[in-house]
Amino acid sequence: MRLRWLALILSVGVLLGLGAVIPCQAPAGEIPTVPSLKVLPPIRHGSLSVFPVVSSISHDTQEFLTLEEGLRSGDVVVSESGVAPLLRPRHRDPVVRPPGGAQVNQLVLVNNSKQPLILLAGEIVTGGKQDRVIGKDRLIPAQSDPIDLSVFCVEPGRWTGPKMSFDALGGVMAAPAVRGKAMADKDQQKVWSEVRNSQAQAAAQLPSAEAVEVVNGTSSYAKVMQNEDVQRKVDSIAEPVQHDYQSLIKQLRDRKAVGVVVAVNGEIIWADIFASTGLLEKYWPKLVRSYAAEALVSRARDRGADVKSAQQFLDDLEGRRETVETEPGLYRHTEITGDGFRAFELTSLLPKTGFDLHMAKMAE
């Protein structure tokens, strides 16, 4: 049976009070017992509520590289498939691309770094013929051969560009509604539909007809999120939460803050849990803005979210169906379908690991 972070949380949580969660550092090479996760009182701003989650265990994740770090350093190259020779920047030997030309749902990635690369579903890369969003969590080995990436277009109106390489959209990850369509539905039409819906809802929040016209005049999800008027709206929600949570992370570092449960308009919609506080801190600026973007475009609902309901959401991982994809010696990706939720676990199978790097859970 695969390792599951949360399998014993409910029974452990009943026995342990909030103060009884005893943190420990799990050294590399020592696979610990299943951690217990505890939801803390939320940080609220407007319609957005973020419940911090602390863990009894934090893993050593220093060896892992994020996509933003890799693209920024140049050690990671993402490009359209079959367009031009892809050169390794350090070794200068040409990488052979898969046959065929550029495709909407396929990109090619080479990891030239000496670190394994984490990709998270929802990360946006901009450039090429269209902006794309990563379709699922996965690990890319260090100094990899070319890897075919499963992606979804988040810019339906463009199929041309001045360059065929890609950059990370700094500071932004797709909002949970768009992430969910890519991760759970795996359907390009549904991703496009959610992009258009998010665009329309964002435009409806803007103060002037001119601003609305600018947002409605692009098909690019990235450009909508980068629009100055939209950014101001998102920042008004995200910055207070980001500031409060970053302060809270510092306070909770010894208790191993590893993630969040997210509620919008009183309804729990999402959870992101990481293997360590350090990994959470790398992704937090992007994640909080994605949650704020969701809060900006979501319609109000008459529901309430408290610590108890957030803990219950986190605890419930009993699914009707599980789908497991494995790259031996590298990673395992598990999708769990349950009553009213989908959960996605990325487990590292690299030497001296064997733990879950990331778990995302969405309400349905």
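Kindly establish whether VAL172 is at pLDDT below 75, of a type outside the set (Asp, Glu) and not assigned by TED's automatic domain parsing to the domain that holds LYS129. No: the conditions fail for VAL172. Tell me whether the stretch 86-97 contains one or more residues that are surrounded by 18 or more Cβ atoms within 10 Å (Cβ to Cβ), of a type outside the set (Lys, Arg) and modelled with pLDDT under 95. Yes: one or more hits.
On the basis of being surrounded by 15 or more Cβ atoms within 10 Å (Cβ to Cβ), of a type outside the set (A, V, I, L, M), more than 23 Å from VAL288 (Cβ to Cβ) and modelled with pLDDT under 80, does SER219 make the cut? Taking the combined requirement at face value, the residue satisfies it.
Among the residues of the stretch 306-334, those that are within 22 Å of LEU139 (Cα to Cα) and in contact (Cβ under 8 Å) with a residue 60 or more places away in the chain comprise VAL324, GLU327, LEU330, TYR331, ARG332, HIS333, THR334.
For ILE22, indicate whether it is of a type outside the set (S, T, N, Q), loosely packed, with under 15 Cβ neighbours inside 10 Å and at pLDDT below 85. Judged against the criteria, ILE22 is a match.
Only one of the numbered conditions (1) surrounded by fewer than 23 Cβ atoms within 10 Å (Cβ to Cβ); (2) assigned to a strand (DSSP E or B); (3) not hydrophobic (A, V, I, L, M, F, W, C) is violated by ASP272, and that is (1). If you filter the stretch 206-216 down to residues that are modelled with pLDDT of 70 or more and under 27 Å from the mean Cα position of the chain (by Cα), you find that the one that is farthest from ALA174 (Cα to Cα) is LEU206.
Scanning the stretch 337-350 for residues that are touching a residue at least 24 places away in the same chain (Cβ under 8 Å) and either part of a loop (DSSP other than H, G, I, E, B) or assigned by TED's automatic domain parsing to the domain that holds LEU117 (or both) gives GLY340, LEU350.
Restricting to the stretch 111-150, name every residue that is surrounded by fewer than 24 Cβ atoms within 10 Å (Cβ to Cβ), among the polar types (S, T, N, Q), in contact with a Ser or Thr (Cβ under 9 Å, 6 or more places away or on another chain) and in contact (Cβ under 8 Å) with a residue 40 or more places away in the chain. Correct list: SER113, THR126.
For THR334, indicate whether it is buried (at least 20 other Cβ atoms within 10 Å of the Cβ), in the same structural domain as SER49 (by TED's automatic domain parsing), modelled with pLDDT of 95 or more and farther than 27 Å from PRO42 by Cα. In short, yes.
Applying the criterion of being basic (Lys, Arg) and assigned to a helix (DSSP H, G or I) to the residues of the stretch 172-192, the residue that is farthest from ARG342 (Cα to Cα) is LYS190.
The values are calculated or read from the model by the stated rules, or taken from the named source; none is laboratory data. Quick caveat: nothing in here was measured; it's all calculated off a predicted structure. As a convention, Cβ positions derive from the backbone with ideal geometry for all residues, glycine included, and neighbour counts pool all protein chains shown.
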